[in-house]
Amino acid sequence: MLAYPKPAARIAQSEADELVVWIERGSVRLDDPNEPPPVTSPDPDDDYLIALAASSRSVIVTGDSDLLQLADRIPVESPATFINRLESS
């Protein structure tokens, strides 16, 4: 994802590498949930993310408009909102 044009234009490769290491160190790998998502996305390919986030009580951080439009029903934030919340806590 960090190699996509938008992030690549904003994040230096060395910073992207550091970010990946930071995320890997703080991550927990989870199995795919057996339960269906509590809500469905206009893009059915996103439903597994909703189900995983719901089962792990996690926030989805994304720029995907199909997921962001569900923000009134599931915990989903844009990267900018998430970073601002981290910086203010």
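Just so you know, all these numbers are worked out from the coordinates, no wet-lab data involved. Quick caveat: nothing in here was measured; it's all calculated off a predicted structure. Don't worry about glycine lacking a Cβ; one is built from the backbone with ideal geometry, like all the others, and counts go over all protein chains shown.
Would you confirm whether or not region 46-55 contains a residue that is exposed (fewer than 13 other Cβ atoms within 10 Å of the Cβ) and not β-branched (V, I, T)? No, region 46-55 has no match at all. Note on the chain: enclosed helices (runs of 4 or more DSSP H) holding 1 or more residues that are more than 14 Å from the chain's Cα centre (by Cα) are 5-10, 13-26, 47-56, 79-88. Looking at this structure, is A3 among the small types (G, A, S) and touching a Leu at 6+ places or on another chain (Cβ under 6 Å)? No, not satisfied.
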